Amino acid sequence: MKIKIYQTWIIALTVISVVSCVSGKKYSSLSDTSKQYMNERDDFKEKNIGLEMKTSELESKLASLEKESARLKKEITKVEAERDKALGDYNTISSRYNELQNAQEDLIKGNVRETQKLLEELKAAQENLQKKEDLLRQLSQSLDSKKASLDELNYELEKRNARLAELEKILDAQKKIVEELKNKVSEALLGFENNGLTVTMKNGKVYISLDEKLLFKSGSYEIDANGRNALKKLAGVLEKNPDIQITIEGHTDNVPYNPGSGQLRDNWDLSVKRATTVVRVLLEGSKIDPKRLTASGRSEYLPVDERNSSDARQKNRRTEIILTPDLTELYELINKY
């Protein structure tokens, strides 16, 4: 809601600046408001980067959980083998114990010394048998504990897998939306691509870059007929995609602007004015909700080519239209966890 109110104010302030001369104080306020919009737009970019970092973090935690699960499975196999061996020993001793009991009964009336020896062996066998029973019980308890830990780990792993799958599903859906939008824009602007207009995908957004020569004359913010035609075709696509947010950025080269007798003072003014002019052309005769649009000027401070040459300056004099899909569902899922 705050962004929508800001957009309405900047449009109103821009109209006032065109109709009459702007005082120094009002111009400063307009400049501050524009900077604030740029900061908010950068915040949105940071949130998108943060989202990708959280996805990477989830994938790393998932790998760690899978590694821990494999380790527990290996330990359980080892404990089960020890338990089976102890059980075998127990059965052997138990059999020997039964044999000694039978022998004792046969010799109970015989040699007292032999009987005493058998009794000692029987006692030793009983003690050994008790130790094996204790070991077997400990191993069983350890096995049960490790199985419980494995079950808990598997449950947590399934939860994280489900969350990651849901995130990936939404990200794939967002990516598909952006790809389809890029294709629609490219199709609508087919006659303009490689003639001063490029359409690319970057950071989950669609970037439409228009060279200065396609829209404006040098030092002017009035759009010629060819540029207006391109923007009208783009507006038709934007009308059919109401969930896409639209940011228009004006960019200049690093050559100081010569204001002459006009109302513009420098490259900041020129870049902002060009952005707002594009906004008006997109809205003329269209059903695009003005609340979806944000106009900003970047002056000379975001060049695509930092060389100080004629070709570089020509590349830097451009207008970029940035189309951003609605990420509300994705942010809600992240906040849910």
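The values are calculated or read from the model by the stated rules, or taken from the named source; none is laboratory data. All figures in this text were calculated on a predicted structure; none of them were measured in a lab. Cβ placement follows ideal geometry from the backbone for every residue including glycine, while neighbour counts extend to all protein chains displayed.
Annotations
- For the stretch 74-99, taking the residues that are under 53 Å from the mean Cα position of the chain (by Cα) and loosely packed, with under 13 Cβ neighbours inside 10 Å, the one that is farthest from L164 (Cα to Cα) is identified as D84.
- Among the residues of the stretch 97-114, those identified as touching a helix residue (DSSP H, G or I) at 6+ places or on another chain (Cβ under 8 Å) and either modelled with pLDDT of 75 or more or assigned to a helix (DSSP H, G or I) (or both) are Y97, L100, Q101, A103, Q104, L107, E114.
- Strands (runs of 3 or more DSSP E) fully within the stretch 151-256 counting 1 or more residues that are over 23 Å from V272 (Cβ atoms) and under 29 Å from the mean Cα position of the chain (by Cα): 197-202
- Restricting K117, K132 to those that are touching a Leu at 6+ places or on another chain (Cβ under 9 Å), basic (K, R) and in a helix (DSSP H, G or I) reduces the list to K132.
- Criterion (in contact (Cβ under 8 Å) with a residue 60 or more places away in the chain and assigned by TED's automatic domain parsing to the domain that holds G204) met by exactly one of L153, L181: L181
- Of all the listed residues (N111, N128, N102), the sole one being closer than 30 Å to V79 by Cα and either in the same structural domain as E75 (by TED's automatic domain parsing) or surrounded by 11 or more Cβ atoms within 10 Å (Cβ to Cβ) (or both) is N128.
- Among the residues making up the stretch 192-212, those that are on the phi < 0 side of the Ramachandran plot and in contact (Cβ under 8 Å) with a residue 24 or more places away in the chain are F192, L197, K205, V206, Y207, I208, S209, L210, D211, E212.
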